[in-house]
Amino acid sequence: MKSKTVKFIKRAAVAIFTAACLFCLFLPLPKRISSRETYECVWADGSVTKESYSSAFESLAGMDGESVILSRNGITGKIESEAGAVYDTLEYGNLLELLECTAAGTRIDGAAIYREFSDRVWYNGEYYIWTGSQIKKVSRAEGGEIVFLEGNVTSRVLNETNANTVYLRKGSTVSAASFAGSNVKKVYTEAPYAENGGAVYLDTAGGKRLLAALGGVQELSVDTDLAFADEGALLACQTITSLTVPFVGSARSPYGTAYKGEFAHLFSTGKEYRVPETLASVRVTGGRLISFAFYACPNLKEINACGVEPGEISKTAFSGLTSLEILHTPKSDVTLTGSFTATVADCGCTIYIRNHSQK
């Protein structure tokens, strides 16, 4: 009886082993991902080492498209990559190219690419992520980076993904409210968009437009070649303290039915002005200053309009500013709210300094 049991167990073991071998025989074997893979790493100090997958992964710092980057003891090393095309597609590709992209290269290539792109989300009205082997559409996604391939850039999408870095492709659409209330700290752009100092611009046939700005901006100097500024373009900047603009209002030229000459146009919701209480200093380098140009700016303490032509400044341009402490203007006969002492600056402008009553 015992002999029959032993024979049965042996036969069963042989059958299981044979089935396992046949199963493995028909499995698709991954290309070049053996644990015995080795890589030649050229270090910044000129030395060259042979790295196993384990040692390379332990020092993995990222990838630049041409090389896998290692970092060890403060020295950077590079392993030549076989997955440059995959990297380029994930970095620059359109949706069709992304969907056709699959993993390639060595095992350390795969790890490096995943390290670079696992925190990125692609968006075109739907969310896409990199799984490590391909791009996959998902119902929801979170990531520190988001690429807007197409569609509107909205605070809802930014908050859903919790992104702090945005990539704007030419097919996307940016509005003044795009970054309001979001956690975005950095924007990378593709023409016709451009970014400078936290502000986002659009190149149009009529000239450069200011579209929006990041909420964390505290000091901003708007590009001097600006032609237009969208309503509420700086609405997201509710902690800004200092601002330099090439003109006040919606456009450099005051002509046209859509022209708005109020400074607060930059902080308009369409229904009300929301000029931040933190904004204390404004410098204007050109354009026109209409009557009560700084309406709805009760907390402004300093205005420098030295770059504006005197003939383009209304006598009552600075009226109503109850918190104004210093005004630098090329026009000497202006109406101010309160008592000021006037002195002449070296540039020929007049500097007004508020007189405070003695207690």
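The values are calculated or read from the model by the stated rules, or taken from the named source; none is laboratory data. Quick caveat, the model's predicted, so the values are computed rather than measured. Glycine gets a Cβ as well: all are built from the backbone with ideal geometry, and neighbour counts include every protein chain shown. Calculation scope for accessible area: heavy atoms of the full protein, side chains included, ligands and nucleic acids excluded. Shrake-Rupley method; radii C 1.70, N 1.55, O 1.52, S 1.80 Å.
When the chain is treated as a GNM with alpha-carbon contacts under 10 Å, the residue of 291, 221, 54 showing the greatest mean-square fluctuation is 54. Counted as membrane-span-like here are DSSP H helices of the chain whose alpha-carbon atoms extend 24 Å or more along the helix's own axis and whose Kyte-Doolittle mean is 1.0 or above; these are 2-25.
Accessible-area rank, largest first, for 255, 352: 255, 352, with all protein chains present and a 1.4 angstrom probe.
Close amide-amide hydrogen proximity is noted between residue 178 and no other residue 5 or more places distant or on a separate chain, at a cut-off under 5 Å (H modeled in the peptide plane; Pro and chain starts excluded). Beta-bridge orientation, the chain: approximately 60 percent antiparallel, per DSSP, counting only bridges with both partners inside. When only Cα pairs below 8 angstrom with a gap of at least 6 residues are kept, the chain shows a relative contact order of 7 percent. When the chain is treated as a GNM with alpha-carbon contacts under 10 Å, the residue of 133, 155, 268 showing the greatest mean-square fluctuation is 133. Apply the a/c threshold of 1.5 to the C-alpha gyration tensor of the stretch 250-340 and tell me whether it is rounded, prolate or oblate. Judged from the Cα gyration tensor, the stretch 250-340 comes out oblate (a/c at least 1.5, b/c at or above a/b). Ranking 121, 233, 282 by Cα position along the charge dipole of the chain, where only Lys, Arg, Asp and Glu carry charges on their C-beta atoms, puts 121 farthest toward the positive end. Surface composition of the chain: carbon plus sulfur atoms hold 52% of the accessible area, using a 1.4 angstrom probe and ignoring ligands, DNA and RNA.
Sequentially through the stretch 132-145, phi angles give Karplus couplings (6.51, -1.76, 1.60; θ = phi - 60°) of x, 10, 6, 8, 10, 7, 10, 6, 9, 7, 10, x, x, 10 Hz, Gly and Pro residues having no value and appearing as x. Annotation: residue 257 carries an accessible surface of approximately 150 Å², with a 1.4 Å probe and no ligand, DNA or RNA atoms counted. Classification of the stretch 44-128 by its C-alpha gyration tensor yields a prolate form. The axis ratio a/c (a ≥ b ≥ c) is 1.5 or more, and a/b outweighs b/c.
Compare 184, 275 by solvent-accessible area with a 1.4 Å probe and give them largest first, with all protein chains kept in place. If you can, show how the numbers build up before the last one.
Values: 184 5, 275 25 Å².
Of 184, 275, the descending order of accessible area is 275, 184.
Over the stretch 192-312, Cα pairs under 8 Å with separation of 6+ residues give a relative contact order of 20 percent.
Residues 96, 324, sorted by accessible area with the largest first, give 96, 324 [1.4 Å probe; ligands and nucleic acids excluded].
Looking at the stretch 214-340 alone, DSSP beta bridges between its own residues are antiparallel in about 10 percent of cases. Per residue, the average separation of C-alpha pairs within less than 8 Å and at least 6 apart gives the stretch 120-163 a relative contact order of 41 percent. Taken about its Cα centre, the stretch 136-292 carries a charge dipole of about 220 debye when Lys and Arg each add +1 at the Cβ and Asp and Glu each add -1 at the Cβ.
Between residue 167 and 146, 147, 148, 188, the built amide H atoms are under 5 Å apart, and every one of these is 5 or more places off in sequence or on another chain.
Rounded to the nearest 500, the 222 nm mean residue ellipticity of the chain from helices alone is -5000 deg cm²/dmol, with -39,500 (n - 2.57) taken per DSSP H run of at least 4 residues.
Diagonalising the gyration tensor over the Cα atoms of the chain and scaling each eigenvalue by 5 before taking the square root yields semi-axes of 63, 22, 18 Å, largest first.
Solvent-accessible area of residue 333, all protein chains in place: 80 Å² (probe radius 1.4 Å, heavy atoms, ligands and nucleic acids excluded). Counting only protein heavy atoms and using a 1.4 Å probe, the accessible area of residue 237 comes to about 0 Å².
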